[in-house]
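Notes follow once the structure below has been shown.
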Amino acid sequence: MNMPTRALGASGVTVSRLALGSWRTFERISRDEGVAVLRAARELGITFLDDARYDDETGAAPMRTGYSEVVFGELFRAAGWPREQAIVANKLWWEFWPEQSPEQELDASLARMEFDHVDLVYAAPPPDGLDVAEAVERIVALLETGKARAWGVLNWTAAQVLEAAQIADMRGWPGPSAAQLPYSLVHRDVVEDDHLIRALAAANAAVVASAALAGGVLTGKYDTGADGRHPDALTEPQLAAAVAAGPELAALAAESGVSPAALALAFPLLNPAVASLLTGATHAEQVHANVAALQVAETLDESMTARLRAIGAPSDAVSPAQAPVTAQ
């Protein structure tokens, strides 16, 4: 199937409906496996790649933070992916603010990746002592340098998104074009919040959904004793809702003839506010499995869609089919 795409607001950036993330991934697998994952993504039409700096958790990295970016850049080039054919996103964490400016933080990330720009930079919420207006000004300055083409937000509140949109509109600046937010069968409250829906519409920003598998719990792999990032998943309180939803999801998947993972990934794709779904993979076959969720989302009938949305839903859940749609 051809990979569909969506525009991120008025940014001029168009992304594939599925994105490939690298969080806690590429430094944990072999280089050959990493290259295979990226090549599979490219062959299947994924053009949206998400990278980020984070602290080493393996104990083997040559640097405390940012080795994830080094590995991503090396694998990207080894996979033979032309830079102009990919939309690459990274994060602005403000972690070392004010000693390190946003431009210095981005420069360091670009140096580690060996890129001259990113297409989308997500900004974490402004740190203490930095108001939204100044944060927006400093983020927009990154675009003016050419080191980023567009900007988005990562876990900002509805009030912050709306304020950022109003400030950008008033000053004639590019506003946030994307919001990366967790969205799954068991974590809907952020994306389906009325206040955030209105704020994103005001900003003309699209949702990039993440964590759709609830840390892998919704795949059902932990029920069979499989390894993963959450070895104690079945007893972790924050994953209790996903554990509880698992059997019902597995039953619907069996009835539908698809995997629980494909159904769980299809759920956020059913919401018209979602421009792209961020997925992860540790081997090429998993990329193929993730892409299969697109066809699942497109072929679910009304009855099956209603049954899927009922799994893990709070009693007062908003139906995305009835919610206002953010412009894309």
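For TRP81, no residue whose modelled amide H falls within less than 5 Å of its own remains once neighbours fewer than 5 places apart on the same chain are excluded.
Say a paramagnetic label sat at a point 7 Å from the Cα of GLU137, along Cα to Cβ; which residues of region 144-177 have their backbone N under 18 Å from it? Flagged as within label range: 144-145, 163-176. Computing FRET efficiency as 1/(1 + (r/R0)^6) for SER303 and THR14, where r is the C-beta to C-beta distance and R0 is 35 Å, gives about 0.60. Taking the Cα centre of region 1-144 as the origin and placing charges on Cβ (Lys, Arg +1; Asp, Glu -1), which of ALA61, GLY45, PHE96 is farthest toward the positive end of the dipole? The residue sitting farthest along the positive end of the dipole is GLY45.
Here each label is just a point 7 Å from Cα along the line to Cβ, and for THR65 and MET3 those points are 3.0 nm apart.
What does the charge dipole of the chain about its Cα centre add up to, to the nearest 20 debye, if the Cβ of each Lys and Arg holds +1 and the Cβ of each Asp and Glu holds -1?
It works out to roughly 660 debye.
Tell me the net charge near PHE48. Cut-off is 12 Å between Cβ atoms, PHE48 excluded, with +1 for each Lys or Arg and -1 for each Asp or Glu.
On the way: positive: ARG6, ARG17, ARG42; negative: ASP50, ASP51, ASP119.
Net charge around PHE48: 0.
Shape class for region 100-150, computed from the alpha carbon gyration tensor (a ≥ b ≥ c): prolate, with a/c not under 1.5 and a/b above b/c. Subtracting the Cα-Cα distance of GLU57 and ALA159 from 0.36 nm times their residue separation leaves 33.3 nm of extension gain.
Of the chymotrypsin sites (Phe, Trp or Tyr not before Pro) found in region 56-123, the ones in coil according to DSSP and having at most 15 other Cβ atoms within 10 Å of their Cβ are PHE96.
Take the Cα of GLU43, step 7 Å toward its Cβ, do the same at HIS288, and the gap between the two points is 0.8 nm. Legend: calculated FRET efficiency, MET170 to GLU255, from the Cβ-Cβ distance at R0 = 41 Å, rounded to 0.05, equals 0.20. Restricting region 11-77 to GluC sites (Glu not before Pro) that sit in a DSSP loop and have at most 16 other Cβ atoms within 10 Å of their own Cβ leaves GLU57.
Just flag the trypsin sites (Lys or Arg not before Pro) in region 1-64 sitting in loop per DSSP whose Cβ has no more than 11 other Cβ atoms within 10 Å. Here the sparse-neighbourhood loop sites are ARG64. Centroid-to-centroid, using Cα positions, region 238-272 and region 160-200 are 26 Å apart. The phi-based Karplus calculation (6.51 cos²θ - 1.76 cosθ + 1.60; θ = phi - 60°) puts the 3J(HN,Hα) values of region 36-53 at 4, 4, 5, 5, 5, 4, 5, 4, 8, x, 6, 10, 9, 10, 10, 10, 6, 7 Hz, whole numbers, x for Gly and Pro.
No value in this document is a laboratory result; all are computed from the given coordinates. All values reported here derive from a predicted model rather than from experimental measurement. FYI the Cβ positions are ideal-geometry reconstructions off the backbone, even for glycines, and counts take in every protein chain you see.
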